[in-house]
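Note sheet for the following structure.
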Amino acid sequence: MNSTIQQNLEAVRSRISAAAQDCGRSPEEVTLLAVSKTKPVSAIEEAMAAGQRVFGENYVQEGVSKIQHFAQTPHGAELEWHFIGPLQSNKSRLVAEHFDWIHTIDRVKIAQRLSEQRPAECAPLNVLIQINISDESSKSGIELSELDALAAQVAEMPNLRLRGLMAIPAPEEDPAKQKAVFEQMKQAFLAVKTQYPHIDTLSMGMTHDMAAAITAGSTLVRIGTAIFGARDYGTTS
Ligand SMILES: *Cc1c(COP(=O)(O)O)cnc(C)c1O
């Protein structure tokens, strides 16, 4: 088992490099976020042994307990934790206190709470605004037409640092269609970047569509299944 996650990580890194090189980008422009939701601490340890330091979690309590566990371990301080799930207001404090990034900002109120709750001794929380680019069945994310207004408000918040945009497109098998949706995100990203030049992160691409996302300009892919295997939701709430 030990080598499986390591081999998977190596394979994912090669896929990222190949996709980047195919479109003339440098592989270093694409951060690999290892999505460890539902997976045990031992799986994260295996990924760490293979050099992975950036992890994503979807569920607040599960993520916080992993963060607290690794804080006590030798390489814990090197880890960077991204919250990538939907966030309810009543759990915002835990995210503000423990995570380094959140990808799912979709309303002013949650951003305000996170900024107020971010501990003074912590660096600003890095935030991405989530865009509902193609998934009409999902309530997560804002419409592109709402982006300018939300970005302007988030950019003013003292304990947040607006870093870019995130999207979870509706599942799509056809790479050309995947790419068309990602291209829309890229255009939106470039448009906000003209107003906030420090913005540097376009979070898009998962196991089934990472190549199309990278071709379209993703700077961070969120990969779970290809690294850790299929998830079993049987015992998680
Ligand atoms: C679970 C999840 C992922 C990882 O998806 P895989 O298909 O397993 O790579 C990426 N992003 C978000 C927001 C997720 O919830």
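The values are calculated or read from the model by the stated rules, or taken from the named source; none is laboratory data. Just so it is clear, the structure is predicted and the values come from calculations on it, not from any experiment. Counting neighbours? That spans all protein chains shown, and the Cβs are built from the backbone with ideal geometry, glycine included. The accessibility values were calculated without ligands, DNA or RNA, using every heavy atom of the protein model including side chains. Shrake-Rupley method; radii C 1.70, N 1.55, O 1.52, S 1.80 Å.
Taking region 1-78 and the helices (runs of 4 or more DSSP H) fully enclosed by it, the elements with 2 or more residues that are in contact with a Pro (Cβ under 6 Å, 6 or more places away or on another chain) and over 19 Å from Leu94 (Cα atoms) are at 2-22.
Of all the residues in region 170-193, those that are farther than 18 Å from Ala19 by Cβ, at pLDDT 95 or above and within 16 Å of the ligand (Cβ to nearest atom) number 0. Restricting Ala230, Ala170, Ala211 to those that are within 26 Å of Ala34 (Cβ to Cβ), part of a helix (DSSP H, G or I) and either open to solvent by 60 Å² or more (accessible area, probe 1.4 Å) or not polar (S, T, N, Q) (or both) reduces the list to Ala211. Asp232 meets the conditions (1) near the ligand (Cβ under 9 Å from one of its atoms); (2) more than 23 Å from Glu28 (Cα to Cα) in every case but one. The failed one is (1). Tallying residues that are within 12 Å of the ligand (Cβ to nearest atom) and buried (at least 21 other Cβ atoms within 10 Å of the Cβ) within region 194-208 yields 3. Taking the criterion of being closer than 18 Å to Ala155 by Cα and either modelled with pLDDT under 95 or surrounded by fewer than 21 Cβ atoms within 10 Å (Cβ to Cβ) (or both), the only residue of region 71-105 that qualifies is Asp100.
Summed over region 214-226, residues that are surrounded by 22 or more Cβ atoms within 10 Å (Cβ to Cβ), more than 8 Å from the ligand (Cβ to nearest atom) and within 16 Å of the chain's Cα centre (by Cα) total 4.
Of the candidates Leu147, Leu190, the single residue that is without any contact (Cβ under 8 Å) to a residue 12 or more places away in the chain and hydrophobic (A, V, I, L, M, F, W, C) is Leu190. Residues in region 6-37 that are of a type in the set (S, T, N, Q) and out of contact with any helix residue (DSSP H, G or I) (no Cβ under 8 Å at 6 or more places or on another chain): Gln7, Ser14, Thr31.
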